[in-house]
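Structure, as C-alpha cells:
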Amino acid sequence: MKSLENTRAGLRARPIDKARAAELGVRFAMGFLLGRTRIFGSFAPFGPALVGAAPQGAPAAVSLLGVCLGALTAGSFGWSVKYIAISILIWAADHFFADGFGGWFPMAVTFGFSLLIGFVYAWDSGFEVRATAMWAVECFTAPAFVYFYGAALSPWSDRAGRDVRSAHTAGAVLTLATLLMALTSPMLFGVLSLGRAAAVTAVLFVIYRGGISMGSVAAAALGAAMDLAQGGAPFFLTSYVFSALLAGVFQRSGRLRFCLAWCASTALTVLWFWSWRRWLPALYETFAATVVFMLLPDPVLARAAVYLPSESAGLGFMKAREYAKDRVERCADAFSALFEAVRARAGDSPAEDVSEIFDGASNQVCRSCPHAARCWQERYQDTVDVMNNLIPQLLSSGSVGVQELPEHFLTSCERSGELVNAINSETHAFLTRRQYRSRLALGRTAAFRQYGDVSSVLRSLARELGNEIEVEPGLERKLQKYLRGLAIDGSAAVFRVRGGRLRAEIRSQSLHLLRRDKLWLDKLSAVLGTRLCTGCQDAASDRLVLLEAEPYAVRVGEAGIKKPGEAVSGDVTACFRTDEGFLYVILSDGMGSGEAASRTASQVSGILERFLSAGVRPELALKILSDLMLLRCDDELESASVDLLALNMFTGEAALYKYGAAPSYLRRGGAVRRLSGGALPVGIDDRSRRAGTRLPLPPGSLLVLTSDGLDFGDGGKWLRGLISGFSASDPKELASAIIDEAAKRLQISDDVTVVAITVEDRA
C-alpha cells in the first residue's frame, strides 16, 4: 500500500551512482586534509585553492565542507575563520558568476579574496614583516594551486583536443605533496611521521618504475613539501634528492639493493647535517618506507606504473617503424607469390599449326571440286608433300605463285589458280594471327613482370625501414641544446639515411633567428661534427633540412643541335641529386625525330627521374621502365635510348647504363676511353640486359655522353682528340666545342646532344 502511494505521488527510488559517490568522498577527504595543511606554521593556502579548482555543484560544495571542517580542527577558531571566509567567498563567486567568465575566473577570485581577507589579518598584526611577507606569498600561492589542482583532477586532454599531459603530471605531483604535508603532524610512537614515510614510499616507487630523472623530480617536490610542513632547514629536500640519485644507480639491481642504497644515502645525509638527535626520525621513516615498498607485490607496482609518464621518447617510433617494415615485407611476399604463380603461364600461347593454312584453302576451293577425292584421298600423300614444300616460302615471303607448284600437280588440278589465291589469303591471316599472339604474349609477359618489379621495390623499402635508417640520439640532443641556446623553440631530428649520409630536420617558427647569423651553417656543422649543406626546401618554410655535404663537386654542361627541318629536338636530358648523395644524369633519345620523339624521350626521362628520386635502384628502375614501354606499344613501336650515369658523390664510384645509347668517352689520368653498350633501347624486349658498367670517377675525371650522329667513319678519333686536349674548367665549353666541330665535320641528319661532366674536390 505504501509503495502504491509513493508511485502515485511520483516518488521513485533511484539507484546510487557509486562512482559519483566515490568522487565526492575523495573530494571531501582532500578538502579536509588540505584545510589542515600549513606552511611555515600558520599559513594554509591550499584549502581555498581546492575550492577554487572544484567544478560547480556538488563537487565544490563537498570540497568547501571538507576545507571548513579541516580548518576548524587544525587550529584556533580565530585562525580558522580566515580560511573558512576565503573558501566560502570563493565558492559563492564561482557558483553565481563563473558562467559568464573564462577559465581564469577561479584563479582571479582566489587571488582577490586571499588579498582582501589577508589584508585584514595583516592590519591586525600591525603589518609585521613576516606576516606581511607570508600574506603576499599566500595571495600568489593559492591561485597557482587552483591551476595545478584543476589540472590534476581533469582529463589528460582538454575539450579542444590539446595535450595537457605535462600540466596533469605536475599537478598530480603537487597535489600528492600537499596532501602528504597534512599527514606529517601525526607522529606514530612520537618518532614516526606517517606523511613523510608515505612520501619516501612514493619516491621509491617513482624511481624504481619511472627512472632516475623522473624520481629526482618527485624527490625534490616531496622533499620541499616536507620541509615546508616542518618549517625548518631544507633537510628533507637534500635527503630525498641525494638518496634518489644514489639509489637510482641500483634501479635495475633488484628491490633489496635498491632499498639498501636509499637507507645508506639517508644515513649519510643525517651525518652530514650533524644533528643526529633532531633528524633521527628520518631513519625510522626511511626504514618503515622501505619495508612497505619491499612488501608491495609486483602486480600492484605494475598497475600503479600505468599512471607514470613515459620517458622513452623514441621507442614508439622504432616499434612503429618495425611494424611498417613487417607490413611492407608481407606485401612484397604477396606480390612475389603472385608473380611466381603467373610467370609459368606468362609465355604460354596456343600452338601454331601451319596446316591451318591448307585446311582453310582446301575448304574454300576443293570442297566443291568433283576431283577432290582423287587429290585428298587417292593421292593424299602427294598432295600433302606439295603443300609442305610451299611452307618455307609462305613463311618467308607471305605468298606463293602458281609457278611454284610442280607440273604434275598443275596437270591434275583444274583450280590451281583459285587454290593459290586461297593459300595466299590464309597465309596472310595466319601470319597476322601469329603476330597478334606474339604481341599479346609479349604484353602479358611484361605485365606479369611488373608484379616481380613491385615486389623488388617493396623489399628495398622494407630494408630501408629495417636497418638502412640509423637514428643519432646523441647528435640530436646536441642540436636541440644549441637551438635552445638561441631561444629557438621547435623540434629537431638527426638520423642517417641509406648509405650512411647524415640528415637533420628542424621545425620551428623561429628559424629566422638562426638564419640572421651569416655563419649559421658553419656553426651547425660544428655542432654536428660534419660539414653540412641545405636540402631542397622553401625559404619561407618553418622546416629546415640539412644534409651532410658531399666531398665531391660535379659540374655538368650540355649543348645540342636539332635535326634540320625540325622545330624541337628528340633528345632530352635531366640532371638531379638525391638525399642519399647520388648524382644522376640522363640522356634519352626518342626513336625518330620531332614532336613524337621528344614526347617519348621526355616521358622516359621523367619516369626514370621519379623512380630514382624515390630511392629505387637504377637497374630496377630501368627494368620497370622497359616493361612499361612494352605495354605502351599498341599499333606502333615506341622506344628510346637511355644513357644513365649514377655517381656516388661520397665515394666517387659510378655506374654507366647504356640502353641503345651511343658511345661515351671517359678521360681519366690523361687517357681517353671509349665506352659502349650492347643492350637494346627501352621499349624493345631484351632478355639479355645486364647491369651497368662500374667505373670510378675520382677528382679530375671527365665524362662525355653523346647521342647518335657523332661517331662516324674514324671511330670518333677527332672526338677523342678534342676531349683529350680540353683544358677549360667549364664543361659547357667542351660540349659547345664538340657540337661546333661536329657541324663542320659531319653532315648532321639527326638530333645531336652532348653532355659533359667533370668531377672535382669540393672547395
Looking across segment 464-477 at residues that are within 27 Å of PRO551 (Cβ to Cβ) and surrounded by fewer than 16 Cβ atoms within 10 Å (Cβ to Cβ), the single one that is modelled with the lowest pLDDT is ASN467
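Are any residues in segment 656-674 surrounded by fewer than 17 Cβ atoms within 10 Å (Cβ to Cβ) and on the phi < 0 side of the Ramachandran plot, and if so, which ones? Can you show your working first?
Let us first name the residues in segment 656-674 that are surrounded by fewer than 17 Cβ atoms within 10 Å (Cβ to Cβ), namely 668-671, 673-674.
Matches in segment 656-674: ARG668, ALA671, ARG673, ARG674.
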Residue among VAL203, VAL173, VAL217, VAL129 that is modelled with pLDDT of 85 or more and over 17 Å from GLU285 (Cβ atoms): VAL217
ALA596, sole failed condition from (1) aliphatic (A, V, I, L, M); (2) buried (at least 22 other Cβ atoms within 10 Å of the Cβ); (3) farther than 30 Å from PHE495 by Cα: (2)
Please enumerate the residues belonging to segment 110-143 that are of a type in the set (A, V, I, L, M, F, W, C) and touching a residue at least 60 places away in the same chain (Cβ under 8 Å). PHE113, MET134, VAL137, ALA142
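Within segment 587-631, which residues are assigned to a loop (DSSP other than H, G, I, E, B) and either over 32 Å from the mean Cα position of the chain (by Cα) or of a type outside the set (Gly, Ala, Ser) (or both)? Give the derivation first.
So in segment 587-631, the residues assigned to a loop (DSSP other than H, G, I, E, B) come out as 591-593, 614-617.
Matches in segment 587-631: MET591, GLY592, SER593, VAL616, ARG617.
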Picking from SER508, SER491, the residue that is modelled with pLDDT of 85 or more and under 19 Å from the mean Cα position of the chain (by Cα) would be SER508
Within segment 268-291, how many residues are part of a helix (DSSP H, G or I), at pLDDT below 85 and under 23 Å from LEU188 (Cα atoms)? 11
Please state which of the following conditions VAL191 fails to meet, knowing it meets all the rest: (1) closer than 24 Å to LEU295 by Cβ; (2) modelled with pLDDT of 80 or more; (3) not assigned by TED's automatic domain parsing to the domain that holds SER63. (2)
Does PHE430 satisfy being modelled with pLDDT of 80 or more and either outside any helix (DSSP H, G or I) or not small (Gly, Ala, Ser) (or both)? no
Applying the selection to segment 102-155, what residues are surrounded by 14 or more Cβ atoms within 10 Å (Cβ to Cβ) and either basic (Lys, Arg) or not in a helix (DSSP H, G or I) (or both)? LEU153, SER154
Take the residues in segment 644-699 that are more than 16 Å from GLU760 (Cα to Cα) and acidic (Asp, Glu), then tell me which one is modelled with the highest pLDDT. ASP685
Can you run down the residue pairs with Cβ atoms below 9 Å, 6 or more apart or on separate chains, where the first is in segment 370-396 and part of a loop (DSSP other than H, G, I, E, B) and the partner is of a type in the set (A, V, I, L, M, F, W, C) and modelled with pLDDT of 75 or more? HIS371/CYS413
Over segment 549-586, the set of residues on the phi > 0 side of the Ramachandran plot and either without any contact (Cβ under 8 Å) to a residue 24 or more places away in the chain or more than 37 Å from the chain's Cα centre (by Cα) (or both) is GLY565
Given (1) touching a helix residue (DSSP H, G or I) at 6+ places or on another chain (Cβ under 7 Å); (2) of a type outside the set (D, E, K, R); (3) at pLDDT below 85; (4) part of a helix (DSSP H, G or I), identify the lone condition not met by LEU710. (4)
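The values are calculated or read from the model by the stated rules, or taken from the named source; none is laboratory data. Treat the numbers as computed from the prediction; the structure is a model and nothing was measured. Cβ coordinates were reconstructed from backbone atoms using ideal geometry, including for glycine residues, and neighbour counts include every protein chain displayed.
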